[in-house]
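This report refers to the structure that appears directly beneath it.
Rule-based calculations on the coordinates, nothing more; no lab input. Quick caveat: nothing in here was measured; it's all calculated off a predicted structure. Backbone-built Cβ (ideal geometry, glycine too); neighbour counts: all protein chains shown.
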Amino acid sequence: MKIFHLRWWLCGLLFCATALSFLDRQVLSVVAPAICEELQIDNKTYSFITTAFMASYAVMFLLGGWFLDRVGTRLGLGLAVLIWTVASAFHAIAVTPFQLGVNRFFLGFGEGACFPGAVKAVAEWFPAKQRALAAGIAIGGASLGGVLAPPLTVWLVGLFGWRGAFAATGLLGFLWIICWFIFYDVPLKSPFITDQEKEWIEADQNKNVSENQKSIYSDTFISLLFRKEVFGLALARFLFDPVFYFYMFWIPKYLHQERGLSLEMIGMLTWIPFFALGVSNILGGLASDRLIASGVSVSTARKSIMTISALLTISSGLAAFASEVYTAIAMMSLLMFAHGFWITNYVTIIGDIFPKHRVATVMGITGMVGTIGGMGANTAIGFIVDRFSFLPVWIASGCLYPLALIVILMLVKKRSD
């Protein structure tokens, strides 16, 4: 059976994978008040539990990217989803903070390969002129997971308790795995691709291989680490990833601890910033591709979108000063809206600069460095909040994207266009 426009159907499958990754990791954040009360977990211990996720996530971002480039996207990403699905379901039987931390560790171990795999798959199936939009859709699933997690988790907790919520969301991963192994393969091996689409993809991608990409084909893993582009992309991610991890793991606790919101109200409000992220993931890719279609160079198009995005993120620092919780949510949503434009073009730059067989590796390197930054920041947040308040964290969140932009403009200067 041949499937017309197969690449877009596969992009939808990648969208579902990133949605599952965020849904599974966000369940803990939403039910954190209930779990912390039942298992007697303070902010310091909670920060260690979430850091366990990020520790393995950082390692597997790097090793997962390398593994994907070695064994291929089909097998590599399929195994990654299997590992994190099992780990997510095992949260349901945790009875101590240590067991919860172990489950978070293996959840991060599997999820570390998700985004390198998604970006690699987009590079395999899409030419440069469609790559940003496809990448925006693929990674945009993360925001859907973030949107669904609060209301879905609160609903599941009401039906089955917080343990049942973990078990129920874990089942979805197994359905995805079946679909993945049936339908995904590279264009040359896919039994479902039409001859016309296969020829178009291969011809267009071969035509758009840049001189910079050709120079990287023979690079070893070690030599990649010394490339200025890799260093710049990794340093930028070290700066901006902590902000996103703060939003992922601490917003429900912030709203409960400092704004006095109930679990039900948290479920009603915390999906909004992630909805803004989902919209901007796609719009960010579309805007970048439209600029390129109008004659703007690939590098200029990506960096122009990122510049505007970085300036918008300054609004995040104002959330702590908002007198009304709805105003604070609006400021958070603006940050996430800007992040969607930012991250879509950030990951697309990797696909622009590096050849397909290096994309997951470079994505893994940058992701690992960013997660290390997030891990350190996450641990520090626990101490800062217990000793002071969330205010210093909010102020820092409004400064880091502009710093990351400066790094990219200064160091990531290799052109793929």
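Brief remarks on what is shown
- Between the helical axis of 114-125 and the longest alpha-carbon principal axis of the chain there is an angle of about 20 degrees.
- A value for semi-axes √(5λ) of the Cα gyration tensor in Å was derived from the coordinates, and within the list [x] 29, 28, 22; [y] 55, 25, 20; [z] 33, 24, 19 it appears as [z].
- Measuring against 21 Å, Cα to Cα, the residue pairs Lys198/Lys413; Lys129/Lys228; Lys198/Lys303; Lys120/Lys198; Lys198/Lys356 contain Lys198/Lys413; Lys129/Lys228; Lys198/Lys303 as the ones spanning a longer distance.
- A simple count of charges around Leu133, restricted to other residues whose Cβ falls under 12 Å of its Cβ and scoring Lys, Arg +1 and Asp, Glu -1, yields +3.
- Relative contact order of the chain, defined on C-alpha pairs under 8 angstrom at six or more residues apart (%): 28 percent
- Packing-based exposure ordering (other Cβ within 10 Å, fewest first) of Ser88, Ser389: Ser389, Ser88
- For the peptides 20-26, 341-347, 351-357, the ranking by packing is 341-347, 20-26, 351-357, with the highest mean count of neighbouring Cβ atoms within 10 Å listed first.
- Positive-pole candidate from Asn378, Met332, His357, dipole of the chain, charges at beta carbon: His357
- Two-decimal ratio, region 258-417, of alpha-carbon radius of gyration to 2.2 N^0.38 Å: 1.15
- Ordering of 276-286, 174-184, 250-260 by burial proxy (mean other Cβ atoms within 10 Å per residue, highest first): 276-286, 250-260, 174-184
- Likely footprinting exposure, Ser190, Ser316, fewest C-beta neighbours within 10 Å first: Ser190, Ser316
- The helix-only estimate of mean residue ellipticity at 222 nm for the chain, built from DSSP H runs of length n ≥ 4 each weighted as -39500 (n - 2.57), is -28500 deg cm²/dmol after division by the residue total.
- As a rough footprinting exposure proxy, the listed residues Val27, Val412 were ranked by other beta carbons within 10 Å of their own, and the order from fewest upward is Val412, Val27.
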